[in-house]
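**Student:** Attaching a single structure in structure tokens format; questions to follow.
Quick note: the coordinates plus some simple rules give every number you see, no bench work behind them. All values reported here derive from a predicted model rather than from experimental measurement. Because the Cβ atoms are built from the backbone with ideal geometry, glycine has one as well, and the counts that use them run over all protein chains shown.
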Ligand code: HXC
């Protein structure tokens, strides 16, 4: 072998040069900043990726990217990796693109190079058709880089929208997320927050105090509890970062890689013909007695597993993923334990967004109906229940994925129509024998229809009771709807799982021809 081709020590000057550059670029903000990060209970950017991704699967890109701005002393500063680690890797064997902001480097603030790195992995995620996961821990737009930071954010927002409905997008907020920076997570499909360490807000407590006089701290303003229960910005709360990454991995397992693929099915782990005595008992319960919708969901789902989304927000509706005979199904269910399961603004927005996610990603929809109508009140009317309540209706009408509906108990009024009824193209619509499908409940109907008769009667209470009973026998059942074909079959509750598996199997290759148009105009 010629001397010049003989392998040299890895410490040859060129290789050593690369290793040296890599060392500098992976150094983060140094020991003091690392310690501060840990003192806040936060992990480092690269540790996070190790926990999120499959072992030894991370491939980093743009490690050597450097900022170009020199303003406000930036020229003298070295910002390792420009404060963000980006690349691709695997989650349970499936490809994903990721970025992880490094708070130890200038507070993870976003300058132009930092933004360009994020944009590059977003472009790669779209080209490769894989989910995009962003781990956010940042003081927002890098003040020293001025409009270039703002432009950088806008480039990210633009890509968030282009990717929406094309690849799943997931954001984990692992520290501060302030100002306009919150809009990238808000444009993604699922937002995770950590209790105690994540904060999202447009303006901080001091600005709010001076502008409106209201007092708050970071936690009450924009902590995980606030955004999961009050604003609905956050879909999942985690007790720790480790818990957050475990949940993200679980979520990814239910999803397809992109809008052209079907969600990955798993080997069926449960008997498709498993019957449930518990469900028959619910049918026999008095109509006024409450049951737990989660019990119904667990009885139906493979392995009694339900991956709930948006658990703490608008709890009168429940959404999430289950598997039926190994296949992912998106589930929407009214929750009679909260506001009697009535639809309100929050429930309509929560349900509508979930239905649209499932429809975009070819995830079939199961709807479990027990709804007394829309929640009444001035707050709702003035808050825009007409416009905002229409979102769920719009989403169901628009969805072309297989849609199977089961009316468990009440399906009253407009809410009957909305909850994936036959009329808005539910494909297969079942009802339990205890279902009540009517314009309204017996009491309300009798009070409207027989107001003067009851008033004139010598025994108004007895007459009212009798009329309510008559109404109940005539209308508060599934049979009027079944006689007209609006319900395909009244089923034994215990057989619900088997019926659903067969229906979804039958609908697997459902075809729909989209109407040619640019896009609809959902009442936002
Ligand atoms: C430049 C920043 C920065 C920023 C933090 N740093 N935010 N540098 N631009 N936006 C730097 C700090 O100077 C500090 O540098 C280091 O990061 C750590 O910050 P600390 O303040 O020491 O950390 P902490 O006490 O934990 O407070 C974190 C914080 C706070 C709450 C995020 O830094 C903060 O309020 N930052 C500003 C937040 C903000 O208003 N951002 C702009 C939002 S507007 P040294 O050198 O001391 O280590 C926005 C517009 C988006 O983002 C536009 C989209 C349309």
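**Student:** Take each of the peptides 211-220, 353-362, 459-468, 128-137, average the number of other beta-carbon atoms within 10 Å over its residues, and list them starting from the highest.
**Tutor:** Going from most to least packed, we get 128-137, 353-362, 459-468, 211-220.
**Student:** To continue, here is another question. Give me the number: length gained by fully extending residue 36 to residue 451, i.e. 0.36 nm times residue separation minus the C-alpha to C-alpha distance, one decimal in nm. Could you put the intermediate results ahead of the total?
**Tutor:** On the way: separation 415, 0.36 × 415 = 149.40 nm, distance 7.02 nm.
So the chain would gain 142.4 nm between residue 36 and residue 451.
**Student:** When the expected Rg is taken as 2.2 N^0.38 Å, what fraction or multiple of it is the alpha-carbon Rg of the chain? Walk me through the numbers on the way to the answer.
**Tutor:** Numbers: Rg = 27.2 Å, N = 524, 2.2 N^0.38 = 23.8 Å.
The chain yields a ratio of 1.14.
**Student:** In which sequence would 432, 382, 298, 375 go, from the one with the fewest C-beta neighbours within 10 Å to the one with the most?
**Tutor:** On the way: 432 24, 382 8, 298 16, 375 20.
Lowest count first: 382, 298, 375, 432.
**Student:** Given N residues in segment 1-128, what is its alpha carbon radius of gyration divided by 2.2 N^0.38 Å?
**Tutor:** Values: Rg = 16.9 Å, N = 128, 2.2 N^0.38 = 13.9 Å.
For segment 1-128, the normalised Cα radius of gyration comes out at 1.22.
**Student:** For the chain, take the longest principal axis of its alpha carbons; what is the angle in degrees between that and the long axis of helix 385-398, to the nearest 10 within 0 to 90?
**Tutor:** 80 degrees
**Student:** When only C-alpha pairs under 8 Å and at least 6 residues apart count, what is the relative contact order of the chain, in percent? Don't skip to the answer; put the middle values down first.
**Tutor:** Values: 1038 pairs, mean separation 46.5, N = 524.
That works out to 9 percent.
**Student:** Could you give the nm distance between label points at residue 465 and residue 515, where each point is 7 Å from its Cα heading toward the beta carbon?
**Tutor:** 5.1 nm
**Student:** How large is the helix-only mean residue ellipticity at 222 nm for the chain, computed as the sum of -39500 (n - 2.57) over DSSP H runs with n ≥ 4, divided by its residue count, in deg cm²/dmol to the nearest 500? Display every interim value, and only then the final one.
**Tutor:** Details: 20 runs with 200 residues, N = 524.
Value at 222 nm, helices only, nearest 500: -11000 deg cm²/dmol.
**Student:** Take every Cα pair under 8 Å in segment 359-432 that's 6+ residues apart, average their separations, divide by the length, and report that relative contact order as a whole percent. List each step's numbers first, then the result.
**Tutor:** On the way: 107 pairs, mean separation 31.4, N = 74.
Normalised by residue count, the contact order of segment 359-432 is 42 percent.
**Student:** So what's the gap between the Cα centers of segment 260-279 and segment 40-90, to the nearest angstrom?
**Tutor:** Measuring centre to centre over Cα atoms gives 40 Å.
**Student:** Which angle between 0 and 90 degrees, to the nearest 10, do you get for helix 112-128 versus the longest principal axis of the chain when only C-alpha atoms count?
**Tutor:** Compared with the principal axis, the helix lies near 60 degrees.
**Student:** While we're looking at this one, here's another question. Taking every alpha carbon pair in segment 328-401, what does the distance histogram look like in 10 angstrom bins from 0, in percent?
**Tutor:** Reading the bins upward from 0: 21, 50, 25, 4.
**Student:** So how tilted is helix 147-163 from the main axis of the chain? Cα-based, degrees 0 to 90, rounded to 10.
**Tutor:** The answer is roughly 50 degrees.
**Student:** Also, I was wondering about something else. More than 26 angstrom separation, counting every C-alpha pair in segment 72-218; what % is that? Let's see the in-between values first.
**Tutor:** On the way: 2672 of 10731 pairs.
Roughly 25 percent, once rounded to a whole number.
**Student:** For segment 368-512, calculate the relative contact order in percent as a whole number, restricting contacts to Cα pairs under 8 Å that are 6 or more residues apart. Don't skip to the end; give the middle numbers.
**Tutor:** Details: 194 pairs, mean separation 37.2, N = 145.
Worked out over segment 368-512, it gives 26 percent.
**Student:** What Kirkwood Rh does segment 372-524 have if only Cα atoms enter the pairwise 1/r average? Answer in Å.
**Tutor:** On the way: mean 1/r = 0.0561 Å⁻¹.
The Cα-based Kirkwood calculation yields 17.8 Å.
**Student:** Compute the projected area of the convex hull of the Cα atoms of segment 200-312, averaged over all viewing directions, and report it in nm² to one decimal place.
**Tutor:** Numbers: hull surface 48.4 nm².
Across all orientations, segment 200-312 yields a mean hull projection of 12.1 nm².
**Student:** Would you please state the base-10 log of I(q)/I(0) at q = 0.23, 0.32 1/Å for segment 91-142, with intensities from the Debye formula using one equal scatterer on every alpha carbon?
**Tutor:** Computed log10 I(q)/I(0) values: -0.83, -1.18.
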